[in-house]
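Before any comments, here is the structure.
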Amino acid sequence: MSFSDIIGNEKIKKDLQEAVENGSFSHSYMFVGNDGIGKKMIAKEFAKNILCLSDKKNNCETCDSCIKFISGNNPDYIEIIPDGNSIKISQIREMQENVYQKPIVSNKKVFIIDEAEKMTVEAQNSLLKTLEEPPEYIVIIIITSNENKMLNTVKSRCMRINFINLTPKEIENYINKNNIVVNSKNIVEMCNGSIRQTG
């Protein structure tokens, strides 16, 4: 997969790709936007490109890092998701132990915190320590559909990227490309800009 395989948010994909190519990416990002519009897919592709060992970066998929990433075995890529209804402080502390272990395969380490709005206040406060003094080899990508539940101190330490809803045309292309059977002719309008609603 490459950025071109992901539907929507073309400018964000272009900017992230250029950041990787120029080596000008931040230590921490906050991807903000509704569910089902591609935030996590773009975050994972961004992570793969950051970790890529080739000069080619976008669409390499042949270096040791990319091969391990595609197979789900890259030790320098860590994903944190809610444990039950929340992301707990114990999960963030475990992540922090990993943060200070140097990369194994790549030159960087990437941590994605998905559904970050489910982090407890204690977990967010703990994460803040890492955001304030990150090792130079790490990149943290926080993904949220409800930034109002994020502490201002956490938000202020991240480069914010605002994702926009998908257009009806983009959703229509996605439905056709993936041979999704829909029950209503009005499904595209009913999706409200989110692919998740097609299901």
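The values are calculated or read from the model by the stated rules, or taken from the named source; none is laboratory data. Please read these numbers as outputs of a predicted model, since none were measured by experiment. Quick reminder, even Gly has a Cβ in these numbers, built from the backbone with ideal geometry, and neighbours come from all protein chains shown. The accessibility values were calculated without ligands, DNA or RNA, using every heavy atom of the protein model including side chains. Shrake-Rupley method; radii C 1.70, N 1.55, O 1.52, S 1.80 Å.
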Residue check: is K169 outside any helix (DSSP H, G or I) and either over 20 Å from the mean Cα position of the chain (by Cα) or modelled with pLDDT of 95 or more (or both)? no
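Of everything in the range 122-143, what is over 16 Å from S156 (Cβ atoms), out of contact with any His (no Cβ under 9 Å at 6 or more places or on another chain) and open to solvent by 30 Å² or more (accessible area, probe 1.4 Å)? Give them in sequence order. Talk me through it step by step, then tell me what you get.
Step one: filter the range 122-143 for residues over 16 Å from S156 (Cβ atoms), giving 122-123, 126, 135-139, 141, 143.
Subset that is out of contact with any His (no Cβ under 9 Å at 6 or more places or on another chain): 122-123, 126, 137, 141, 143.
Of everything in the range 122-143, just one residue is over 16 Å from S156 (Cβ atoms), out of contact with any His (no Cβ under 9 Å at 6 or more places or on another chain) and open to solvent by 30 Å² or more (accessible area, probe 1.4 Å), namely E122.
Give the residues of the range 154-179 that are among the aliphatic types (A, V, I, L, M) and open to solvent by 50 Å² or more (accessible area, probe 1.4 Å), sorted by residue number. Let's see the steps before the verdict.
Let us first name the residues in the range 154-179 that are among the aliphatic types (A, V, I, L, M), namely 154, 159, 161, 164, 166, 171, 175.
Across the range 154-179, the qualifying residues are M159, I164.
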Regarding I78, is this residue open to solvent by 10 Å² or more (accessible area, probe 1.4 Å), of a type in the set (A, V, I, L, M), in contact with a Lys or Arg (Cβ under 9 Å, 6 or more places away or on another chain) and at pLDDT below 95? no
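Condition first: among the hydrophobic types (A, V, I, L, M, F, W, C), under 18 Å from V32 (Cα atoms) and part of a helix (DSSP H, G or I). Can you find one or more residues in the range 129-142 that meet it?
yes
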Take S145 and tell me if it is at pLDDT 75 or above, farther than 23 Å from I7 by Cα and small (G, A, S). no
Those residues that are at pLDDT 95 or above, open to solvent by less than 20 Å² (accessible area, probe 1.4 Å) and not small (G, A, S), I need them from the range 21-48; list them, please. Y29, M30, F31, V32, K39, I42, E45, F46, K48
Test K11 against the stated conditions and say whether it is under 13 Å from the mean Cα position of the chain (by Cα), outside any loop (DSSP other than H, G, I, E, B) and at pLDDT 95 or above. no
Long-range neighbours under 7 Å by Cβ, at least six apart or interchain, first residue over 19 Å from S4 (Cα atoms) within the range 19-45, second open to solvent by less than 30 Å² (accessible area, probe 1.4 Å) and among the polar types (S, T, N, Q): M30/T144; V32/T144; N34/S194; D35/S194
Would you mention how many residues in the range 97-121 are outside any loop (DSSP other than H, G, I, E, B), open to solvent by less than 30 Å² (accessible area, probe 1.4 Å) and under 15 Å from P135 (Cα atoms)? 4
